[in-house]
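Let me begin by presenting the structure, written as structure tokens, before commenting on it.
Where a number appears in this text, it was derived from the coordinates with a stated rule and is not lab data. Please read all numbers here as calculations on a predicted model, not as lab measurements. Positions of Cβ are generated from backbone atoms using ideal geometry, with glycine treated the same way; all protein chains shown enter the neighbour counts.
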Amino acid sequence: MTKKLLVLFLGNSIFADDKIGLVLGEMLKPMLESEGHEVEILEKTGFSLIDHLENRRDAVIVDSVKTGKHKVGEIVTVKPEDFQQYAPLTSHYVGIPEALKMMTQLDLNPPEQVHIFGIEVEDPYTISEEMSQKLTVRLDELSEEIHKNVLSIARGASMRE
Amino acid sequence: MKEIVINPITRLEGHGKIIIVLDDEGNCKKAYLQIPEIRGFEKFAEGRHVEDMPQITSRICGVCPMAHHMASTKTLDDLFKVQPTSPAKKIREMVYNVFMLEDHALHVYFLGGPDFIVGPNAPKEQRNMLGVVAKVGKEVGLKVIEMRKNLRKTNELIAGRTIHPVFGVPGGVSRPISAQEAEEIKKLGDESVNFALFTLKVFKDIVLSNKEYVDLITSDAYTHKTYYMGLVDEKNRVNFYDGKLRVTSPSGKEFAKFDAHEYLEHIAEHVEPWTYVKFPFLKKVGWKGFVEGEDSGVMSVAPLARLNASDGMATPRAQEAYEEMFKTLGGKPVHYTLANHWARIVETIYAAERFRELAYDPEITDPNIRNLPTATPEAGIGVDEAPRGTLIHHYETDARGVVKKANLLVATQHNSARMALSVDKAARSLIKGGKVDDGMLNMVEMAFRAYDPCHACGTHTLPGSMPFMIDVYDENGTLIETVKRNLP
């Protein structure tokens with residue numbers, strides 16, 4: 001199991017705000033890699049995430065989320081156990097929680113800790129190369145906050161060694 | 001309502017809304033399946049350089065990006081009037097079969113699988129991929145995960161990326177395969193055939209040996225006599241990458257066989273006010289409403305339709321499986337919607353065998369991978385068979401290759417009329433006395449899940465569970481019950 005922290009930035013590049021994870025990934029990748037972390041920017045989901053999460057001790061996932069309960073551009077921290085509220089699982093879709101559960105069920109060495117940061121977005125459904133204005137103006141702050149969070153997680157992880 | 005129908009559900013695979021109208025006795029009088037499909041891509045494409053279309057259209061969804069990438073690449077061949085070199089064509093077809101194999105395995109084990117491997121009436125907590133693993137065992141679960149992982153790796157190696165490939169260019173592919181890479185690919189080809197045959201065994205052991213399941217597959221609730229369409233080669237055998245479109249009638253006779261360029265002569269689209277999806281139908285038969293039979297232009301695509309529209313499979317073990325399926329189910333054509341699951345496994349075997357054939361073809365490592373286009377672009381049409389049916393791309397450009405018009409006929413659309421029939425028939429068979437419960441929900445879902453519909457445009461989501469809503473109305477149009485799942 002590798003101790004190197006993995007930071008996954010997820011998104012869909014052709015949907016307006018849904019690309020926020022990808023945009024932040026591009027912004028932070030050079031810095032995070034220079035700090036010794038592994039960064040992947042992915043337009044993937046489901047079981048294909050298993051390929052990336054297997055044998056990782058710690059992982060961070062940055063993705064868009066639309067709860068309607070937070071301000072646009074706010075970072076929502078989601079714990080894997082929070083996904084319990086969405087049980088029972090359906091046969092239709094495989095997301096992060098299903099991938100993690102499958103890894104556990106099959107002894108595929110899921111990460112000891114997965115930290116999920118959802119960025120509350122306004123419009124994740126419109127096909128557009130542009131993000132919403134509300135989100136665009138928050139980019140620099142979001143980048144800084146995510147970076148801070150990753151550093152904090154990395155420190156915590158190194159203290160567990 | 002608009003927000004529920006369009007906004008929360010468009011980024012997930014297999015979303016839908018069903019409206020059920022009851023009569024005075026509480027029995028289903030009519031059921032509607034609403035499928036809001038994003039068709040904005042045609043507009044989105046206008047003004048773009050046409051060479052970007054294989055990358056743009058592969059983002060239509062995260063489930064079948066390769067199907068769009070390939071249809072788009074073939075459209076560019078046609079548009080620039082250039083054919084791929086022989087090695088490039090073989091590389092494309094090999095990659096495409098790897099994709100089909102991986103996608104079909106996903107449906108067999110994790111999307112459609114829970115209905116049969118776990119059981120249609122199993123507790124809903126178990127009716128998912130984790131339930132499948134619990135039923136078939138950890139070893140099988142690992143085998144499926146490992147095989148899909150290796151298939152994705154192979155396509156990443158050849159096509160640059162798994163989910164949004166970047167290798168198709170007009171006249172060929174972007175990179176050759178080295179001799180060393182070919183050796184690895186051959187090994188995976190061998191493993192793939194074993195995996196596909198193992199999958200057939202699992203299906204036989206769990207599904208076909210269970211009389212209750214076989215009765216369900218052959219039940220009237222899931223049966224429609226419609227036309228069928230699929231790509232066939234020169235011997236009328238199933239082909240996913242190329243060929244002519246063949247249509248067979250409900251009685252199994254060849255009704256039409258045409259080149260993709262003639263699709264507008266054969267296929268038209270009907271529009272209904274209650275759904276965003278259009279209903280393609282056979283123009284020469286005509287739209288007669290949501291009815292089945294020889295006089296109705298309703299048609300079907302996807303695995304069962306492809307097998308019905310063909311005269312066989314081009315590889316030996318797939319041909320054996322093809323013959324066994326039709327023999328067991330009473331001969332061609334088979335009209336049982338749920339037989340799509342079996343047909344999908346027959347196709348899985350074909351995809352694996354064809355992948356292996358091409359992996360061992362010495363021409364696969366030939367560096368002559370591209371004919372450079374020199375013609376001025378104008379219009380192009382490309383077709384392939386997506387896992388869930390026939391996919392057609394059609395672009396028109398100016399002389400600089402800037403898109404003026406794009407038309408995409410996606411696989412799930414071709415099935416939309418028959419899926420509407422399926423949901424209506426299943427709901428009528430199941431909804432009695434106004435009772436709506438989770439078991440009903442699943443049995444109605446099974447009516448469209450067998451087609452493996454793909455309405456997704458997103459490649460990821462939270463919470464990771466499909467939003468679904470059923471509205472039940474009385475005869476006077478009064479809403480009497482709404483069953484929601486994962487919707488506010």
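Before moving on, here are some points about what is shown:
- Long-range amide H partners of A:K44 with built H, under 5 Å: A:G11
- Across chain B, the mean sequence separation of Cα contacts (distance under 8 Å, 6 or more residues apart), normalised by length, yields a relative contact order of 29 percent.
- Exposure proxy ranking for A:V62, B:V436, based on other Cβ atoms within 10 angstrom of each Cβ and starting from the fewest, stands as B:V436, A:V62.
- In this structure the amide hydrogen of B:K283, modeled in the peptide plane, comes within under 5 Å of the amide hydrogens of B:I267, B:A268, none closer than 5 places in sequence on its chain.
- Inter-part distance where the stretch B:144-202 and the stretch B:318-336 are each reduced to a Cα centre, Å: 29 Å
- Whole-Å semi-axes of the ellipsoid equivalent to the stretch B:328-429 (Cα gyration tensor, √5λ, descending): 36, 26, 8
- Shielding of peptide B:124-137 by partners, expressed as the average count of other chain Cβ atoms within 10 Å per residue Cβ, is 4.
- For residues of A:44-52, the mean tally of beta carbons on other chains within 10 Å: 6
- Taking 22 Å as the straight-line reach from the Cα of A:K148, the lysines in range (excluding those fewer than 8 positions away in the same chain) are A:K3, A:K4, A:K19, A:K29, A:K71, A:K79, A:K134.
- Using alpha-carbon coordinates, inclination of helix B:86-106 to the longest axis of chain B, degrees: 20 degrees
- Rounded to the nearest 10 degrees, the angle from helix B:438-449 to the longest Cα principal axis of chain B is 30 degrees.
- Shape of the stretch B:142-242, Cα gyration tensor, a/c cut at 1.5: oblate
- Normalised radius of gyration (Cα atoms, divided by 2.2 N^0.38 Å) for the stretch B:224-335: 1.09.
- DSSP H segments from chain A that extend 24 Å or more along their own axis, Cα-based, with Kyte-Doolittle mean of -1.0 or above: A:139-159
- Peptide A:103-110, shielding by other chains (average Cβ, 10 Å cutoff): 3
- Along its first, second and third principal axes, ordered by size, chain B spans 69, 51, 46 Å in Cα coordinates.
- Two-decimal log10 I(q)/I(0) for the protein assembly as shown, as the Debye equation yields it once each C-alpha is a single scatterer, q = 0.07 Å⁻¹: -0.43
- Percent antiparallel among DSSP beta bridges (both partners in the protein assembly as shown, rounded to 5): 65 percent
- Mean-position separation - Cα centroids, the stretch A:22-42 and the stretch B:339-413, in angstrom: 34 Å
- Average Cα contact separation per residue, the stretch A:6-159, under 8 Å, 6 or more apart, as relative contact order %: 34 percent
- In terms of distances greater than 20 angstrom between alpha carbons, the cross-link table entries B:K43/B:K283; B:K201/B:K327; B:K278/B:K332 yield B:K43/B:K283; B:K278/B:K332.
- At 0.890 mPa s and 25 °C, Stokes D of the stretch A:6-159 from Kirkwood alpha-carbon radius, µm² per second: 155 µm²/s
- On a per residue basis, the convex hull of the C-alpha atoms belonging to the stretch B:325-372 measures out at 129 Å³.
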